[in-house]
Amino acid sequence: MDKIIILIIALLLIGFIMWWFFSKRKTDAIEAKIKNNTQEVEIVVSGGYTPNIVVLQKDIPAKIIFNRKDTSNCFNEVVFPDFGIKEQLPINEAFPIEIDTKNAGEYQYSCGMNMFHGKIIIK
Ligand SMILES: [Cu+2]
């Protein structure tokens, strides 16, 4: 009897871990919406970047619209080292940043202090 209870608890635990892992992954990566040969995605800046991973289509002009809600100095700047982009983010204002999508790959971006990170995947 004890063994069955332990087995059930173990299965529930595994199920919970898998659910947590996959649901988190799913909500983390967002594909940009394509409209009239441009693609756009909004990233909310509040204690981090949400969604944290953005998927863009290669060769379609892309705009990432940062919406900064967080007033902490940490998010004053956003830096895309691979694209040579370093921008000041206004608070409570949509701020579009154009991304060159001609090269597929994974690109990290961060706050000006390199503390908070997000990722762009072009494919
Ligand atoms: Cu920072």
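Quick notes
- Applying both filters, DSSP loop and at most 12 other Cβ atoms within 10 Å, to the GluC sites (Glu not before Pro) of the range 77-118 gives E93.
- Rounded to 10°, Cα long-axis angle of helix 2-28 versus longest principal axis of the chain: 10 degrees
- Altogether, the Stokes-Einstein calculation at 20 °C and 1.002 mPa s, with the Kirkwood radius of the chain over Cα pairs as Rh, returns a diffusion coefficient of 133 µm²/s.
- Helix-only arithmetic for the chain: the sum of -39500 (n - 2.57) across DSSP H runs with n ≥ 4, divided by the residue total, places the mean residue ellipticity at 222 nm at -8000 deg cm²/dmol.
- Accessible area in square angstrom per residue, the chain, 1.4 angstrom probe: 67 Å²
- Annotation for D28 and I91: the two label points, set 7 Å from Cα along the Cα-Cβ direction, are 3.0 nm apart.
- A full extension of the chain between A10 and K102 corresponds to an added length of 28.4 nm, given 0.36 nm per residue minus the alpha carbon distance.
- Positive-end residue of V41, N76, M18, charge dipole of the chain with Cβ unit charges: M18
- Working from label points 7 Å from Cα in the Cα-to-Cβ sense, the T71 to H117 distance is 3.0 nm.
The values are calculated or read from the model by the stated rules, or taken from the named source; none is laboratory data. A quick note: this is a predicted structure, and the numbers were derived from the prediction, not measured. Methodologically, a virtual Cβ is constructed for each residue, glycine included, from the backbone with ideal geometry; neighbour enumeration extends over all protein chains shown. SASA here: full protein model, heavy atoms, side chains in, ligands and nucleic acids out. Shrake-Rupley method; radii C 1.70, N 1.55, O 1.52, S 1.80 Å.
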